[in-house]
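Reading through the structure tokens given below for one structure.
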Amino acid sequence: MSTPATRSRENTRARLLEAAAQVFAEAGLDGASVEAVCERAGFTRGAFYSNFESKDELFLMLTASVADARVRAVRQRVEEMTAEGALAEGCDPIELVQQVMELGGDDRLGVMLMSEIRIRALRDARFGEAYLAQEREMVASIAQIVDDIAAAVPLRLRLPAAVAARMLMIVWEGMTVRGAMAGQDDAQLRQSGSEELGHLVQLLVDP
């Protein structure tokens, strides 16, 4: 059982992460400061450094947080559809993927944040290694969801689930970034991303 002190620390970290996501998405990692994050969260620099060693550590934790939120949203939707009987033999895999993704957790702020994370990973080799390690974990989680869906429907994939998962992730991220550039709102981002995933699914699944 967690103690009041533990819960207080977790709350502090959560508020700092939320504030950092907003500040970093607005100003970028290099343009943001610890002071700005603390001010947005309502804490002092001491509170920041008692929870994180640096902005880079915070940035990596944000990466994991965003990835986890995305996977949880997709998995929750898949579980709901399973309970509703939507995952059954004869269902349209394209419509299935679109229904899952259109109700996902991605938004414009998340797209901006992940873009900043990738820029940082490109500029810093050590940060890039840590980012890629986290990405591999995310791909593995998506691959498990793909396997679960394929088994439930059932579907036969033309490629291994891990390869399909990576392709789905790359297409989704590419479309949401371009949608954000075009000024799409959160719902439009998810819709355009899911439409493109539908086209990809046609190539990944045996008819």
*Take region 20-39 and flag every residue that is out of contact with any Asp or Glu (no Cβ under 8 Å at 6 or more places or on another chain) and either under 15 Å from Gly110 (Cβ atoms) or of a type in the set (Lys, Arg) (or both).*
Ala20, Ala21, Gln22, Val23, Glu26
*Restricting attention to region 4-25, report how many residues are farther than 19 Å from Phe127 by Cα and either touching a residue at least 24 places away in the same chain (Cβ under 8 Å) or not in a helix (DSSP H, G or I) (or both).*
6
_Just to be sure before I move on: is Ala83 in a helix (DSSP H, G or I) and surrounded by 13 or more Cβ atoms within 10 Å (Cβ to Cβ) in the structure I sent?_
no
*Is it true that Val37 is modelled with pLDDT of 85 or more, surrounded by 14 or more Cβ atoms within 10 Å (Cβ to Cβ) and within 22 Å of the chain's Cα centre (by Cα)?*
yes
_Odd one out for Glu89, checked against (1) modelled with pLDDT under 90; (2) surrounded by fewer than 17 Cβ atoms within 10 Å (Cβ to Cβ); (3) in a helix (DSSP H, G or I)_ = (3)
*May I ask you to verify whether Arg40 is farther than 20 Å from Arg136 by Cβ, part of a helix (DSSP H, G or I), among the basic types (Lys, Arg) and in the same structural domain as Ala125 (by TED's automatic domain parsing)?*
no
*May I ask you to list the residues in region 162-207 that are basic (Lys, Arg) and either in contact with a helix residue (DSSP H, G or I) (Cβ under 6 Å, 6 or more places away or on another chain) or surrounded by 17 or more Cβ atoms within 10 Å (Cβ to Cβ) (or both)?*
Arg166, Arg190
*So which of Ala161, Ala143, Ala125, Ala165 ends up being within 25 Å of Leu109 (Cβ to Cβ) and at pLDDT 90 or above?*
Ala165
*Could you list, in sequence order, the residues of region 185-207 that are touching a residue at least 60 places away in the same chain (Cβ under 8 Å) and of a type in the set (S, T, N, Q)?*
Gln191, Ser194, Gln202
*Would you please name the residue that is surrounded by the most Cβ atoms within 10 Å (Cβ to Cβ), looking only at residues in region 114-145 that are closer than 18 Å to Ala73 by Cα and of a type in the set (A, V, I, L, M, F, W, C)?*
Ile142
*Specify the residue that is nearest to Ser194 (Cα to Cα); the eligible residues are those in region 97-108 that are surrounded by fewer than 20 Cβ atoms within 10 Å (Cβ to Cβ) and either at pLDDT below 80 or touching a Phe, Trp or Tyr at 6+ places or on another chain (Cβ under 6 Å) (or both).*
Glu102
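The values are calculated or read from the model by the stated rules, or taken from the named source; none is laboratory data. Here the structure is a predicted model, which means the values were calculated and not measured. Quick reminder, even Gly has a Cβ in these numbers, built from the backbone with ideal geometry, and neighbours come from all protein chains shown.
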